[in-house]
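The values are calculated or read from the model by the stated rules, or taken from the named source; none is laboratory data. These numbers were taken from a predicted model, which means no experiment stands behind them. Note that each Cβ is placed from the backbone with ideal geometry, even for glycine, and that neighbours are counted across all protein chains shown.
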Amino acid sequence: MSDPVLIRSDGRPLYHLPSVVDDIDFAITHVIRGEDHVSNTALHIQLFKALGAEVPAFAHIPLLMGPDGGPLSKREGSQSLREMREGGIDPMSINSLLARLGTSDNVTVMSRLDAVLDSFDITHFSRAAAKFDPAELRNLNAKLLHEMPWEEAQGKIDLPDGSEDFWTAIRGNLSVITDARLWHQVVYGSIEPVVEDQEFLNAASELLPEGHLDTESWKIWTTEIKDRLGVKGKALFMPLRLALTGQSHGPEMAKILPLIGREKALKRLSGQAA
């Protein structure tokens, strides 16, 4: 096996031989790779035959381009799968996109791999290069999270004290799973409230319903504030949201307020970090 096509001058094998041996070892039946490997395929077929192995079926698809039609760059999302996972992108969002990217089929997010497999058809792929847009992937990921049940999310958010009520409250505002950390801190941790009008917050805190807060408490409370203080609309809701969550937007306050609890809410309304 001293063929210079297969072995480097220092004795190390080139890509071709290890690739074929690896495919044989794993009993690979189908090889799907980029069109830049078309020129390698004839040699690989010869190697499979020379090694007495069954030749797998080969297919080649166009390489991905960036959203501007040029080569993928780091800025445009040419990240590793590890980086995407660490950034909160769910594997099923990637699977869903890649199964349709480069076809004329509508790209829809699927939560189960068997659903992706059932709808996959390699003959639908165009010979033209497909454009990969990171924004499209994030949108798919957001849709996946917005519909994800607690039973599935529980093993993904990896945060203490999480609950089904917490997940149901926040999932509609997530783009990536790591966004849950912010709302976990808002609900279970301590934040610095954003205070725009302390006098208004003091008056509002006196009207906060007594006892345990539930999903009806927000409506009861804000209705009382509107009737008693004559404040409505954004002037009513935004100062309360900023003080209670430190954020100008987010999940429905009717769902978040009971999770924060009355004691912590009163501290934040008074301007204290809590």
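What are the residues in the stretch 228-263 that are farther than 24 Å from Arg171 by Cα and either surrounded by 15 or more Cβ atoms within 10 Å (Cβ to Cβ) or modelled with pLDDT under 95 (or both), if any?
Arg228, Leu229, Gly230, Val231, Lys232, Gly233, Ala235, Leu236
Surrounded by 18 or more Cβ atoms within 10 Å (Cβ to Cβ), farther than 19 Å from Pro251 by Cβ and either in contact with a Leu (Cβ under 6 Å, 6 or more places away or on another chain) or free of Cβ contacts under 8 Å to residues at least 40 places away in the same chain (or both), is that true of Ala180? Steps first, answer last, please.
Details: surrounded by 18 or more Cβ atoms within 10 Å (Cβ to Cβ): yes; farther than 19 Å from Pro251 by Cβ: no; either in contact with a Leu (Cβ under 6 Å, 6 or more places away or on another chain) or free of Cβ contacts under 8 Å to residues at least 40 places away in the same chain (or both): yes.
Spelling it out, it is not the case that Ala180 is surrounded by 18 or more Cβ atoms within 10 Å (Cβ to Cβ), farther than 19 Å from Pro251 by Cβ and either in contact with a Leu (Cβ under 6 Å, 6 or more places away or on another chain) or free of Cβ contacts under 8 Å to residues at least 40 places away in the same chain (or both).
Conditions (1) in contact with a Leu (Cβ under 8 Å, 6 or more places away or on another chain); (2) in a helix (DSSP H, G or I), marked per residue:
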residue: Ser111; (1), (2): yes, no
residue: Val116; (1), (2): no, yes
residue: Thr123; (1), (2): no, yes
residue: Arg138; (1), (2): no, yes
residue: Phe200; (1), (2): yes, yes
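For the stretch 109-144, give me each residue that is among the β-branched types (Val, Ile, Thr) and modelled with pLDDT of 90 or more.
Val109, Val116
What number of residues in the stretch 1-60 are part of a strand (DSSP E or B), closer than 30 Å to Gly102 by Cβ and without any contact (Cβ under 8 Å) to a residue 60 or more places away in the chain?
The qualifying residues number 7.
Of all residues in the stretch 120-141, which are hydroxyl-bearing (Ser, Thr, Tyr) and free of Cβ contacts under 8 Å to residues at least 60 places away in the same chain?
If the condition is that a residue be hydroxyl-bearing (Ser, Thr, Tyr) and free of Cβ contacts under 8 Å to residues at least 60 places away in the same chain, then Thr123 is the only one that fits.
Would you check which residues across the stretch 227-274 are touching a residue at least 12 places away in the same chain (Cβ under 8 Å), among the basic types (Lys, Arg) and over 15 Å from Val195 (Cβ atoms) and list them?
Arg228, Lys255, Arg262, listed by residue number.
Among Gly88, Gly102, which is the only one that is within 12 Å of the chain's Cα centre (by Cα) and either at positive phi or surrounded by fewer than 11 Cβ atoms within 10 Å (Cβ to Cβ) (or both)? First the steps, then the outcome.
Working: Gly102 fails: within 12 Å of the chain's Cα centre (by Cα).
Of Gly88, Gly102, the one residue that is within 12 Å of the chain's Cα centre (by Cα) and either at positive phi or surrounded by fewer than 11 Cβ atoms within 10 Å (Cβ to Cβ) (or both) is Gly88.
In the stretch 1-56, which residue that is of a type in the set (S, T, N, Q) and over 26 Å from Pro71 (Cβ atoms) is surrounded by the most Cβ atoms within 10 Å (Cβ to Cβ)? Please lay out each step first, then the result.
Within the stretch 1-56, the first condition is being of a type in the set (S, T, N, Q), and the residues that meet it are 2, 9, 19, 29, 39-41, 46.
Applying the additional criterion that residues be over 26 Å from Pro71 (Cβ atoms) yields 2, 9, 29, 46.
On the way: Ser2: 6, Ser9: 6, Thr29: 10, Gln46: 13.
Among those that are of a type in the set (S, T, N, Q) and over 26 Å from Pro71 (Cβ atoms), it is Gln46.
Conditions (1) in a loop (DSSP other than H, G, I, E, B); (2) more than 30 Å from the chain's Cα centre (by Cα); (3) not assigned by TED's automatic domain parsing to the domain that holds Gly271, marked per residue:
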residue	(1), (2), (3)
Gly211	yes, yes, no
Glu224	no, yes, no
Leu236	no, yes, no
His249	yes, no, no
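Among residues belonging to the stretch 140-164 that are in a loop (DSSP other than H, G, I, E, B) and among the acidic types (Asp, Glu), point out the one that is farthest from Pro67 (Cα to Cα).
Ranking the qualifying residues of the stretch 140-164, first place goes to Asp161.
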